[in-house]
Amino acid sequence: MNKAAELFLGILTAMGGFVEIGELTFTLGAGMHFGYQLLWITALGTVGIMVYCEMAGRVAAVRRRPVFTLIRERNGVATALLTLVAANLVSLLTCAAEIGGVALLWQLASGWPYRALLVGALAFLLVAVWLLPFEWIERVFGLGGLLLIVFVAAVWTLQPDWGDLAAGFVPRMPEVSSQRELLLCAYFGVALLSSIMLPYETYFYAAGGIEDGWSSDDIVTNRVVVVVGFALGALLSVALVALGTEYFGPRGIEPQLPGTAALAPASAFGTLGLVIAMLGLFFAFSGAAIETALSGAYNLAQFAGWPWGKAKRPRAAARFTLSWIAIFCAAMLIVMTGIDPVQVVEYSIILSVVVLPFTYFPVLMVARDKRVMGQHANGMLANTLGWFYLVAITLAALAAVPLFLLTHGGRG
Amino acid sequence: MRRRQAWRQALGLLLVSGALAGACIVAERRPAGPEEVRIHVAALRSQAAELDNLQTLERQHCVTPAFARRHARQLEQAVARERSGLAALHIEQPRLEALRVQAHRMAGELATALRAAQQRGAPSAPALARELQGLEEALPTS
């Protein structure tokens, strides 16, 4: 495949893989509760994930070092072990929520019992990861996720006040009527930032670069895919905030089920909109479930120094293969208990914020180190943005748990 | 030296776990206030509004009747979770307890409306969302 086609597919895949169940819940909820006031957090988070995925991808291309190897080298074994436990717990919980989301969507389509569909979803994901090569996993689920563009089209039919929407990108103090609302707004801000900058995305992106055999020649591809693909992906997030504001807010509905989110495109385009939205959500949730399970296995293998990679035959990377199978099975068992997948998302998102500084600090340290990266080390812009985001996510990490407790898990 | 360090770390972990468990027990036994009731009432109000919206979309043929039935079933399960959450609240203030009982009753009515929505041609229930909104506004601010 020529470079241009590869770049184009990479951009579309990054865009289609941007939204998962956590982001869906929090973007719609943020719009429903606070209108466009938190839109600037979406932009802030998008630039943040661009900055750190670009760095992680560049390190992977130049040094062929994945994120968790860097974490272990730079943070020491004890801190790396703590990060590993927390990061894999986040991956496990996120994977559980995504599997629950897939089963809920299948239940809407088939009417079959939820628990049986959970088993079906597990079998489907195991077979997909076992059979499909890495680049096909990325493409099938990333490109399928592009069907979520129906949410952007639904916003267009609602004709929101574009001035109000644009004003949302300007950071400002929220207009709220009580201290309770202010805390809730802060919680949604932190959760929104976390749902966009989820750490597994960086682990998966860097490991994916190595799986795809990137070299120094791919640095420009990495940069373009990250910047353009994620910017277009953020368009989906903005559309979800807008739907929360324009469709769900006036009706007093806080979307807590995947089927609820699909009601907005259904209202705009009828059953065709409903079907496209449900298919888009299915690809997005399945893709995220696969990414989280593989990320967990990548992390474990990279930390322990085991052979890893989807490109390797399962027997050649047996412990890696067993790890992603075990993560899928454990995730399915979590939702099999009957716990609400959206509640699982809330825990995973908050835990994610706490893990973020431990994940991004070593990436920044290596990416800026001229002895390691040579001429490909961070420039002034990447360093400035890297430090800015490190401070921002550290503050968010400190605030996350108190806000979670004070707002009863973001419920009020 | 290493053994002593390991003991110290184990003791630290034990203390932190004990403190967390203690905090959880205290939080669990603490009587619920208006905020805890409001959380459930707000969720029920949103679910009632969603039922109303779903039935409107079904009448407009924007969603298939099968989708509407299955979505109503998922909503019913979500309502059941809120209802058991309300039932589990331990409230000491008599006025708040009366509002909790009222909310619990309305959750039952919503569950019935959702069960009816799973049968074809069930009547819509927009009044429930309004009643729950009224109940939410009647709750005292803490």
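Looking at segment B:48-82, which of its residues are more than 8 Å from every other protein chain (Cβ to nearest Cβ) and either among the aromatic types (Phe, Trp, Tyr) or within 23 Å of A:Phe404 (Cβ to Cβ) (or both)?
Hit for segment B:48-82 is B:Glu82, nothing else.
Output the number of the condition that A:Ala191 fails; it satisfies all remaining conditions of (1) at positive phi; (2) within 21 Å of the chain's Cα centre (by Cα); (3) of a type outside the set (Asp, Glu).
(1)
Tell me, please, whether a residue that is farther than 24 Å from A:Arg63 by Cα, within 14 Å of chain B (Cβ to nearest Cβ) and crowded, with 24+ Cβ neighbours inside 10 Å can be found in segment A:281-291.
Scanning segment A:281-291, I find at least one residue that is farther than 24 Å from A:Arg63 by Cα, within 14 Å of chain B (Cβ to nearest Cβ) and crowded, with 24+ Cβ neighbours inside 10 Å, so the answer is yes.
Listed residues A:Leu24, A:Leu28, A:Leu38, A:Leu84; which is hydrophobic (A, V, I, L, M, F, W, C) and either surrounded by fewer than 23 Cβ atoms within 10 Å (Cβ to Cβ) or on the phi > 0 side of the Ramachandran plot (or both)?
A:Leu84
With surrounded by fewer than 18 Cβ atoms within 10 Å (Cβ to Cβ), closer than 22 Å to A:Gln256 by Cβ and touching a residue at least 24 places away in the same chain (Cβ under 8 Å) as the only criterion, which of B:Ala107, B:Ala113, B:Ala80 stands out?
Every option except B:Ala80 fails the conditions.
Looking at A:Phe124, A:Phe134, can you tell me which residue is in contact (Cβ under 8 Å) with a residue 40 or more places away in the chain, touching an Asp or Glu at 6+ places or on another chain (Cβ under 9 Å) and either of a type in the set (S, T, N, Q) or surrounded by fewer than 18 Cβ atoms within 10 Å (Cβ to Cβ) (or both)?
A:Phe134
When you check A:Gly101 against the structure, is it part of a helix (DSSP H, G or I), under 21 Å from A:Gly233 (Cα atoms), touching a residue at least 60 places away in the same chain (Cβ under 8 Å) and within 14 Å of chain B (Cβ to nearest Cβ), yes or no?
yes
Can you say whether B:His40 is surrounded by 24 or more Cβ atoms within 10 Å (Cβ to Cβ) and more than 13 Å from A:Gly259 (Cβ to Cβ), as far as the supplied structure shows?
yes
Tell me the residue from B:Gln93, B:Gln133 that is out of contact with any strand residue (DSSP E or B) (no Cβ under 6 Å at 6 or more places or on another chain), more than 14 Å from chain A (Cβ to nearest Cβ) and either surrounded by fewer than 22 Cβ atoms within 10 Å (Cβ to Cβ) or of a type in the set (D, E, K, R) (or both), please.
That would be B:Gln93, the only listed residue that is out of contact with any strand residue (DSSP E or B) (no Cβ under 6 Å at 6 or more places or on another chain), more than 14 Å from chain A (Cβ to nearest Cβ) and either surrounded by fewer than 22 Cβ atoms within 10 Å (Cβ to Cβ) or of a type in the set (D, E, K, R) (or both).
Being part of a helix (DSSP H, G or I) and more than 14 Å from every other protein chain (Cβ to nearest Cβ): is that true of A:Ala166 here?
In short, yes.
In segment A:227-280, how many are closer than 30 Å to A:Arg58 by Cα and of a type in the set (S, T, N, Q)?
Total meeting the criteria: 1.
Pick out the one residue from A:Glu6, A:Glu54, A:Glu23 that is within 17 Å of A:Cys185 (Cα to Cα) and either aliphatic (A, V, I, L, M) or touching a residue at least 60 places away in the same chain (Cβ under 8 Å) (or both).
Answer to the selection: A:Glu23.
Right, B:Leu114: more than 13 Å from every other protein chain (Cβ to nearest Cβ), under 17 Å from A:Ile253 (Cα atoms) and out of contact with any Gly (no Cβ under 8 Å at 6 or more places or on another chain) or not?
So B:Leu114 does not fit the description; no.
Modelled with pLDDT of 95 or more, exposed (fewer than 13 other Cβ atoms within 10 Å of the Cβ) and in a loop (DSSP other than H, G, I, E, B) - does that describe any residue in segment A:112-121?
For segment A:112-121, residues modelled with pLDDT of 95 or more, exposed (fewer than 13 other Cβ atoms within 10 Å of the Cβ) and in a loop (DSSP other than H, G, I, E, B): present.
Only one residue in B:Leu44, B:Leu86 is assigned to a helix (DSSP H, G or I) and under 30 Å from A:Met278 (Cα atoms), so which one is that?
Being assigned to a helix (DSSP H, G or I) and under 30 Å from A:Met278 (Cα atoms) holds for just one of B:Leu44, B:Leu86, which is B:Leu44.
Picking from A:Gly259, A:Gly249, A:Gly270, A:Gly244, which residue would you name as being in contact with a Cys (Cβ under 6 Å, 6 or more places away or on another chain) and within 14 Å of chain B (Cβ to nearest Cβ)? Explain how you work it out, then say what you get.
On the way: A:Gly259 fails: in contact with a Cys (Cβ under 6 Å, 6 or more places away or on another chain); A:Gly249 fails: in contact with a Cys (Cβ under 6 Å, 6 or more places away or on another chain); A:Gly244 fails: in contact with a Cys (Cβ under 6 Å, 6 or more places away or on another chain).
None of the others qualify; the one that does is A:Gly270.
Looking at (1) more than 22 Å from A:Gly410 (Cβ to Cβ); (2) within 15 Å of the chain's Cα centre (by Cα), can you tell me which one B:Glu35 breaks?
(1)
Scan the helices (runs of 4 or more DSSP H) fully inside segment A:1-93 and keep the ones with 3 or more residues being aliphatic (A, V, I, L, M) and modelled with pLDDT of 85 or more.
A:21-34, A:39-63
The values are calculated or read from the model by the stated rules, or taken from the named source; none is laboratory data. Computed from a predicted structure; not experimentally measured. For neighbour counting, all protein chains shown are included, and Cβ atoms are generated from backbone atoms with ideal geometry for every residue, glycine included.
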